[in-house]
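The values are calculated or read from the model by the stated rules, or taken from the named source; none is laboratory data. Remember, it's a predicted structure, so these values are computed and weren't measured experimentally. Every residue, glycine as well, gets a Cβ built from its backbone with ideal geometry; the counts of neighbours run over all protein chains shown. Ligands, DNA and RNA are stripped out before the accessible areas are found, and what is left, the full protein with its side chains, is counted by its heavy atoms. Shrake-Rupley method; radii C 1.70, N 1.55, O 1.52, S 1.80 Å.
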Amino acid sequence: MASWGKRDDMITHTMEPYNAEPPPEALAGRTLTPVDTFFARGHGPIPRLDPDAWRLSVGGLVEHPMTLSLDDLRAWFPRRDVVATIQCAGNRRAGLLAVRPIPGKTPWRSGAISTARWTGVSLADVLARAVARPGAAHVEFTAPDVSPEARPRQPFGGSIPLAKATAGEVLLAWTMNGRPLPAVHGGPVRVVVPGYIGARSVKWVTGVTVRDRPSDNYFHAVAYRLLPQDAPLGPVAPGCDILAPGERAVLPAGPVMVHGYAFGDDDRGVDRVEVSSDGGLSWRPADLDPAYGCWAWRLWRAVVDLPAGEITIVARAWDIEGGCQPESAASVWNPGGYVNNAWPRVRVVVA
Ligand SMILES: Nc1nc2c(c(=O)[nH]1)N[C@H]1C(S)=C(S)[C@@H](COP(=O)(O)O)O[C@H]1N2
Ligand SMILES: [Mo]
């Protein structure tokens, strides 16, 4: 077993901080990603927090500031369970790097995305008890891990709009696929913000602060911004990706099953996915799994007939309003290398 209980074939980008993604084929065909396969993304050393000593302070623009233990969360609030996909904003950065270099950033391939069943309490219920004061507009999360990347040195944090924080689906979670949340994924307690970039799902959360403006944390105000617009990243970009076959796979000629996932955004769900094996001249519809709640990816599969040679398999997702994900990586390239939702392309060798 590799580090942090992960499978042996993880693609480990860095050990400290621990950044690792599974080969995309390992994600194919399962709505829930096993914990040993779930990608891991951190910015500093992984804190080891004692669940009995863990406390969450809820403060800022609230009538009733609180300090909560795990037992308090369990006793005072109803249990909530959400199947949610977490996607790093840097997922598929490798596809952007191929267009133009992005120095000093992790070259994530297609595996910086995974799905789990998260259980905990709804942040909305906790905020309802704290009672937001007039002027409240954003909710900031803070954690104890200090990243060497942050300027100046500071612990990890970030915020989401109050409307999202009180929408019900945002969790303070302590179990992942029915087991206690492991340290590498933010145990004892993390935030899960379904539908938003992974960076807002703050791990090892110890502070919830209601504010009148977005977080000033380095990872909100400086990193994880989309340039040149200079906007903080929030909701994920809709689209689809191919998970199997893998890049450069060698396959026999004839029918082959292509696997992938698609996801929509906060407002627009996925309508259909299409696959092409002739560079986009002709497309066939993929079989799309039913939605597993609003916040999980939807798996799809399609059989394509492959002639001998070097073939590029392409896929594209359409949303319910008729919008399609962007065709080229060049058109979505940005200096931070974030949210690449261009049509996925996988080259295979058909013998
Ligand atoms: N405290 C803390 N929370 C964090 C991070 C971090 O470095 N520190 N990384 C974020 C990023 S960028 C992502 S993509 C997700 C990854 O979650 P995972 O490691 O459970 O896959 O956690 C987020 N939460
Ligand atoms: Mo991320």
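Points worth noting:
- Of all residues making up the range 32-84, the number that are open to solvent by less than 30 Å² (accessible area, probe 1.4 Å), of a type in the set (G, A, S) and more than 15 Å from ligand 1 (Cβ to nearest atom): 2
- Count of the range 182-211 residues, restricted to those that are open to solvent by 10 Å² or more (accessible area, probe 1.4 Å), closer than 11 Å to S159 by Cβ and away from ligand 2 (no atom under 13 Å from the Cβ), is 2.
- Within the range 190-246, strands (runs of 3 or more DSSP E) holding 3 or more residues that are farther than 19 Å from N91 by Cα: 207-211
- Test: residue in the range 126-134 that is open to solvent by 20 Å² or more (accessible area, probe 1.4 Å) and in contact with a helix residue (DSSP H, G or I) (Cβ under 8 Å, 6 or more places away or on another chain): yes
- Condition met for R92 (in the same structural domain as D9 (by TED's automatic domain parsing), within 16 Å of ligand 2 (Cβ to nearest atom), under 22 Å from P335 (Cα atoms) and basic (K, R)): yes
- Any chance D216 is open to solvent by 20 Å² or more (accessible area, probe 1.4 Å), among the acidic types (D, E), within 26 Å of S159 (Cα to Cα) and at pLDDT 85 or above: yes
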